[in-house]
1. Hey, S385 hits all of (1) farther than 30 Å from V22 by Cβ; (2) open to solvent by less than 60 Å² (accessible area, probe 1.4 Å); (3) among the polar types (S, T, N, Q) but one; which does it fall short on?
2. If you go through region 109-126, how many residues are within 14 Å of the chain's Cα centre (by Cα) and either near ligand 1 (Cβ under 10 Å from one of its atoms) or surrounded by fewer than 24 Cβ atoms within 10 Å (Cβ to Cβ) (or both)?
3. Give the residue, chosen from S247, S212, that is among the small types (G, A, S), open to solvent by less than 20 Å² (accessible area, probe 1.4 Å) and out of contact with any Leu (no Cβ under 6 Å at 6 or more places or on another chain).
4. Restricting to region 292-332, and then to whatever is acidic (D, E) and assigned to a helix (DSSP H, G or I), can you tell me which residue is least open to solvent (accessible area, probe 1.4 Å)?
5. Answer yes or no: is there a residue in region 303-312 that is farther than 16 Å from M221 by Cβ and either at pLDDT 95 or above or not aliphatic (A, V, I, L, M) (or both).
6. Only one of these is within 18 Å of the chain's Cα centre (by Cα) and open to solvent by 20 Å² or more (accessible area, probe 1.4 Å): S104, S92. Name it.
7. If we scan region 60-72, do we find a residue that is within 13 Å of ligand 1 (Cβ to nearest atom) and either within 27 Å of T370 (Cβ to Cβ) or open to solvent by less than 10 Å² (accessible area, probe 1.4 Å) (or both)?
8. Checking D185 against (1) within 16 Å of ligand 2 (Cβ to nearest atom); (2) acidic (D, E); (3) open to solvent by 50 Å² or more (accessible area, probe 1.4 Å), only one condition comes out false. Which one?
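The values are calculated or read from the model by the stated rules, or taken from the named source; none is laboratory data. Treat the numbers as computed from the prediction; the structure is a model and nothing was measured. Cβ coordinates were reconstructed from backbone atoms using ideal geometry, including for glycine residues, and neighbour counts include every protein chain displayed. When the accessible area is computed, the model is the full protein with side chains, heavy atoms only, and any ligands, DNA or RNA have been set aside. Shrake-Rupley method; radii C 1.70, N 1.55, O 1.52, S 1.80 Å.
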Amino acid sequence: MQKHIAILGSTGSIGTQTLDVVRSHPDTFSVEVLTANSNAALLIKQALEFRPNAVVIGDESKYEEVKQALINTNTKVFAGYDAISQVVQMDSIELVVTAMVGFSGLKPTTEAIRAGKHIGLANKETLVVAGELITALAKKHAVNLYPIDSEHSAIFQCLLGEWHNPIEKIYLTASGGPFRGKGKDFLATVTPEQALKHPNWTMGAKITIDSSTLMNKGLEMIEARWLFNLKPEQVDVIVHPQSIIHSIVQFEDGSMKAQMGLPDMKLPIQFAMGYPDRLKSDFPRFNFIDYPSLTFEAPDAETFRCLYLATEAMKKGGNMPCILNAANEVAVKAFLDKHISFPEIPELIEKTMAAVPFKTEMDLLEYIDTDSIAREKAHEFAGISI
Ligand code: NDP
Ligand code: MG
């Protein structure tokens, strides 16, 4: 029996690796839906190879190009962002892999859960923004959220067979990013080109910048808190530059379980897709002799203030993580566009967190509202007109 999947963001780093997994297991998976933002050429190529039931291109100006290219196939072509939220509800889909980037993942993920689809969750921003709502909705519709983020996949793997045993705390491992050990003077000189070079992982631009500021680890703390139903004080971060141990669970007897392997996103992607089975793979194997020392150090949340800000947002709750996320998305884009410097990223986020009204009673519309107010404020603080 094949598992029928939809991949939202199939043209990105996670999306293309998800298709690599499908390609290696054609009897196990079949592709029902693929979606992209504006990369029509790659979406067409993928559709011709995997023959999905439907594709969606977010950017409506690319509709004709995609439609014409797939005219002789049975693939239905749709365009626009609302169409992404609609196709995820198709009866034939069992698992939706959410590999879009940023806040854009929230609405389609919500709709997929409402339609009873299990989620392979890469789009961490969805849980950062609206973790309480999403986890409650998943419970209501008996939908599983399978983590794809490597740290969360590690925690999930450590918890197998342990569901009845309470977690004392978890440690999310962090590589430390390309600027580990650097001081504030150095960070003031950092260019987008330098920040886009991650030591251990090849990923999309937004998460690569988030990794360089340590915001990625902050977002992951919030993601973990919701996925594993933890209190903020049960979530800790440890820097582990080799990225071999992907995260650790500490149980109430003091015992710790860790999951390890070479840093390759295909492993957690495949685990989420194949759960509960471990599918055979030919991914390179870890060799202990190549890594005679695995090292650990405390994160520097004083120099990398984004980690501190995310921790504060997690503790505060309500709409604060949503404000943090919106401001961060604006700040990352402004940095990549060279409107602001690297140290201005946390400054912009902190100012926005102080400026947007704090709320605790949230629903989907309130999150959308908070997101747009926060974006407006962040643009204003960055001196960018929208
Ligand atoms: P990429 O930027 O490589 O890919 C993003 C994908 O989403 C592309 O297919 C893009 O389409 C599409 N997309 C972007 N914006 C929109 C939008 N507004 N509406 C619809 N589709 C959109 O990102 P990654 O693959 O690196 O990351 C995806 C998610 O997974 C992120 O949330 C990230 O945090 C998370 N993640 C990624 C990891 C990684 O190793 N890359 C690891 C762990 C988590 P197009 O190509 O047309 O622009
Ligand atoms: Mg991660």
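1. S385 satisfies all of (1) farther than 30 Å from V22 by Cβ; (2) open to solvent by less than 60 Å² (accessible area, probe 1.4 Å); (3) among the polar types (S, T, N, Q) except (2).
2. Start the filter on region 109-126 by keeping residues that are within 14 Å of the chain's Cα centre (by Cα), which leaves 109, 119-126.
If we keep only those that are either near ligand 1 (Cβ under 10 Å from one of its atoms) or surrounded by fewer than 24 Cβ atoms within 10 Å (Cβ to Cβ) (or both) too, we end up with 121-126.
Within region 109-126, residues that are within 14 Å of the chain's Cα centre (by Cα) and either near ligand 1 (Cβ under 10 Å from one of its atoms) or surrounded by fewer than 24 Cβ atoms within 10 Å (Cβ to Cβ) (or both) number 6.
3. Working: S247 fails: out of contact with any Leu (no Cβ under 6 Å at 6 or more places or on another chain).
Result of the check over S247, S212: S212.
4. Step one: of region 292-332, the residues acidic (D, E) are 297, 300, 302, 312, 329.
From the residues that got through so far, the ones that are assigned to a helix (DSSP H, G or I) too are 312, 329.
Details: E312: 67, E329: 37 Å².
Looking at the filtered set, the residue picked out is E329.
5. Going through region 303-312, the residues farther than 16 Å from M221 by Cβ turn out to be 303.
Imposing the further condition that a residue be either at pLDDT 95 or above or not aliphatic (A, V, I, L, M) (or both) reduces the set to 303.
The answer is yes; a qualifying residue exists.
6. Working: S92 fails: within 18 Å of the chain's Cα centre (by Cα).
Unique residue meeting the criteria: S104.
7. Scanning region 60-72 turns up at least one residue that is within 13 Å of ligand 1 (Cβ to nearest atom) and either within 27 Å of T370 (Cβ to Cβ) or open to solvent by less than 10 Å² (accessible area, probe 1.4 Å) (or both).
8. With (1) within 16 Å of ligand 2 (Cβ to nearest atom); (2) acidic (D, E); (3) open to solvent by 50 Å² or more (accessible area, probe 1.4 Å) applied to D185, the lone miss is (1).
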